[in-house]
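Since the structure comes first, as C-alpha cells, the remarks are kept for the end.
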Amino acid sequence: MTTWNGSSWTGAVDVASQSSNAVACASPTFCDVAMDGDVGVASLREHRASIDGLGTDFDPSEFLRNMAGFGGMAAGCEMAVLGTSMRV
C-alpha cells in the first residue's frame, strides 16, 4: 500500500473494498443498509451537479434502492452494500 504521496505505508492489516463481484470473491462481506436507505437517497440528491452531468433521467431513489436491493438478495437481507475483505 502507498500513501497519497506515493510513499510506502505498512500500517494496514485488513482492507475492505466495495465490489460488484463480492459474492464470487474468497472473502465476501456486506453492510446491511436497510435502515439508512432514506439517508443515502437524500445524500445522493445533494450531488445535483453530478447527477445533472449524467445527461439522463436519473432517479437517485430508484438507483440506490435497486443497487442495495440486489446486494441484499446476495447477502440475505433487505438492502446491502457488497464488498471484499482482504488481509494484506
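Selection of the range 48-85 for residues being open to solvent by 40 Å² or more (accessible area, probe 1.4 Å) and within 16 Å of the chain's Cα centre (by Cα) yields Glu62, Phe63, Leu64, Arg65, Asn66, Met67, Phe70, Met73, Ala74, Glu78, Val81, Ser85. Kindly indicate the residue of the range 22-47 that is closer than 16 Å to Met79 by Cα and at pLDDT below 70 and also most open to solvent (accessible area, probe 1.4 Å) among those meeting that condition. Among those that are closer than 16 Å to Met79 by Cα and at pLDDT below 70, it is Val23.
Applying a threshold of 6 Å to beta carbon distances and a minimum spacing of six or more residues, or different chains, the list of pairs starting in the range 50-68 at a residue that is closer than 19 Å to Cys31 by Cα and ending at one that is small (Gly, Ala, Ser) reads Leu64/Gly40.
The values are calculated or read from the model by the stated rules, or taken from the named source; none is laboratory data. None of the values given here were measured: they were computed from a predicted structure. So basically every Cβ, Gly included, is an ideal-geometry build from the backbone, and we count neighbours across all protein chains shown. Only protein heavy atoms, including side chains, enter the accessible area calculation; ligands, DNA and RNA are left aside. Shrake-Rupley method; radii C 1.70, N 1.55, O 1.52, S 1.80 Å.
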